[in-house]
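Chemist: Have a look at this one before I ask anything.
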Amino acid sequence: ASKAEGLNRLHVFEPGLLLIRRLRSQLLEDLRAAIKGEGLVLHYQPVVELGTGQIEGVEALIRWDHPTRGRIMPDEFIPLAEDAGLISELGLWVLSTAVGQLRRWIDADLVDSRFSVRINISATDLQSLQFIEDVRAVLKQTGVRPAQVVLELTEAAIVRGNDLDRYSLGGLRGLGVGIEIDDFGTGYSSISYLRLLPVDRVKVDRSLIEGLGTDPSQPALVAAVLQLVRACGLEAVWEGVETAEQAEHLRNLGCLSAQGYFFSKPVPPEQIPALLAQTSSQSNRG
Ligand code: C2E
Ligand code: MG
Ligand code: MG
Ligand code: MG
């Protein structure tokens, strides 16, 4: 059976591979054009102060509205951009768009000087010294306080921990921007030197809070993670909060900030003013 079948399969698959390759290079062309022109958009998801319900900042999340394929999510095209060497251009676009947006919110008096915008950066950005210069330039152009810009890096990117990464982290930190470890708890072996990394906060991956409200052992685990993070001199933000029970548990456990569909999905920038107005009127500001 097998040999003939194997050959047949080759015949079936080969045009498929060609097609994929062609699609891929077409998609890359389109992405190049989008970075220079139109089609990329940033949505913003609130990060909420659990104690007051107020929005303390937002995370910028990229989407690609492709002219014929419709909306493409970052998990689908960021890896492509990384492979094709387009990530620095993309990263610069995200950086200047998000910080420019923050500038407009500040100018419109919608947010105060504690409000921050979080920007996801790729491991490749961290490896490029140009990126530090880009951040410096964007801060200078916009006049935004560096502390209002927080860069999110995945644990995997930081944990590679080579000298260049350390140097870059130090350089970014030297500019005064915040650094946060994203998806914390999904990697491994980082705990021992969490303490040594030049970061300010960790954003705990949503898998760590999934069982809150259903699994009776989960609160103890969350409490332990919180304690660990604080023992390292850091603070935690909890992502992926989808239910009122999860939010309530986190607040009772002493967690300070969280993010998730329960509070708001990522929304286009035009919707942020309404969300800000809503939460500041709900919360008791004494
Ligand atoms: P991330 O930085 O960990 O972002 C959180 C992801 O979880 C976002 O998906 C967000 O929409 C989603 N999310 C937020 N709240 C909830 C919730 O309550 N439940 C569930 N199930 N999901 C929630 P998104 O926007 O598809 O982004 C996926 C990933 O793509 C991001 O993960 C980040 O690693 C990457 N990414 C997004 N924007 C950028 C960017 O501008 N640059 C780079 N380099 N990477 C980006
Ligand atoms: Mg993130
Ligand atoms: Mg995350
Ligand atoms: Mg992620």
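The values are calculated or read from the model by the stated rules, or taken from the named source; none is laboratory data. Because the structure is predicted, anything quoted here is derived from the model rather than measured. For neighbour counting, all protein chains shown are included, and Cβ atoms are generated from backbone atoms with ideal geometry for every residue, glycine included. Just the protein is used for accessible areas: all its heavy atoms, side chains included, with ligands, DNA and RNA removed. Shrake-Rupley method; radii C 1.70, N 1.55, O 1.52, S 1.80 Å.
Chemist: What is the ratio of the Cα radius of gyration of segment 64-157 to 2.2 N^0.38 Å, with N the residue count, to two decimals?
Modeler: Normalised Cα radius of gyration, segment 64-157: 1.16.
Chemist: Mind pulling up the Rg/Rh value for the chain? Radius of gyration and Kirkwood radius, both on Cα.
Modeler: Result for the chain is an Rg/Rh of 1.02.
Chemist: Still on this model: Using Cα pairs closer than 8 Å and at least 6 residues apart in sequence, work out the relative contact order for the chain, in percent.
Modeler: 19 percent
Chemist: A further question on this structure: For Ala147, what charge total do you get from the other residues with a beta carbon under 13 Å from its beta carbon, if Lys and Arg give +1 and Asp and Glu give -1?
Modeler: Overall, the nearby charge balance is +1.
Chemist: When the convex hull of the Cα atoms of segment 82-231 is projected onto a plane and the area is averaged over all directions, what value comes out in nm²?
Modeler: 10.3 nm²
Chemist: Keeping every protein chain present and rolling a 1.4 Å probe, give me the accessible area per residue for the chain in Å².
Modeler: Per residue, the chain has an accessible area of 52 Å².
Chemist: Mind checking the dipole of the chain: about its Cα centre, +1 per Lys or Arg Cβ, -1 per Asp or Glu Cβ, Debye to the nearest 20?
Modeler: Magnitude of the dipole: close to 360 debye.
Chemist: Here is a follow-up. Among the aspartates and glutamates, which have Cα under 12 Å from the Cα of Lys36 when same-chain residues fewer than 8 positions away are ignored?
Modeler: Excluding near neighbours in sequence, the set is Glu89.
Chemist: Please find, in a Gaussian network model of the chain (springs between Cα atoms separated by less than 10 Å), the residue of Ser96, Ser217, Ser257 whose mean-square fluctuation is greatest.
Modeler: Ser217
Chemist: Antiparallel as a % of all DSSP beta bridges within the chain, to the nearest 5?
Modeler: Counting DSSP beta bridges with both partners in the chain, the antiparallel share is about 40 percent.
Chemist: Using only the heavy atoms of the protein chains and a 1.4 Å probe, how would Thr214, Thr279, Thr154 rank by accessible area, largest first?
Modeler: Thr214, Thr154, Thr279
Chemist: Compute the distance in nm between two label points, each set 7 Å from the Cα along the Cα-to-Cβ direction, one at Thr52 and one at Ala277.
Modeler: The two pseudo-label positions are separated by 2.0 nm.
Chemist: Taking 0.36 nm per intervening residue step and subtracting the Cα-Cα distance, what contour gain separates Thr243 from Arg71 on full extension?
Modeler: Result: 59.3 nm gained on full extension.
Chemist: Heavy-atom accessible area of Trp93 with all protein chains present, probe 1.4 Å, nearest 10 Å²?
Modeler: We get 50 Å² for Trp93.
Chemist: Would you list Tyr167, Tyr193, Tyr44 from the most to the least accessible area, probe 1.4 Å?
Modeler: From most accessible down to least: Tyr167, Tyr193, Tyr44.
Chemist: Could I ask something else about it? Tally Lys and Arg at +1 and Asp and Glu at -1 over the other residues with C-beta under 10 Å from the C-beta of Glu180: what net charge comes out?
Modeler: -2
Chemist: Would you calculate, for the chain, the mean residue ellipticity at 222 nm contributed by helices, counting each DSSP H stretch of 4 or more residues as -39,500 (n - 2.57) and dividing by all residues, to the nearest 500?
Modeler: When only DSSP H runs of four or more count, the value is -15500 deg cm²/dmol.
Chemist: Shifting gears a bit: Within the P(r) computed for segment 171-225, what percentage of the Cα pairs occupies the region above 13 Å?
Modeler: 67 percent
Chemist: On alpha carbon coordinates alone, what is the Rg over Rh value for segment 177-259, Rh being the Kirkwood radius?
Modeler: Result: Rg/Rh = 0.95.
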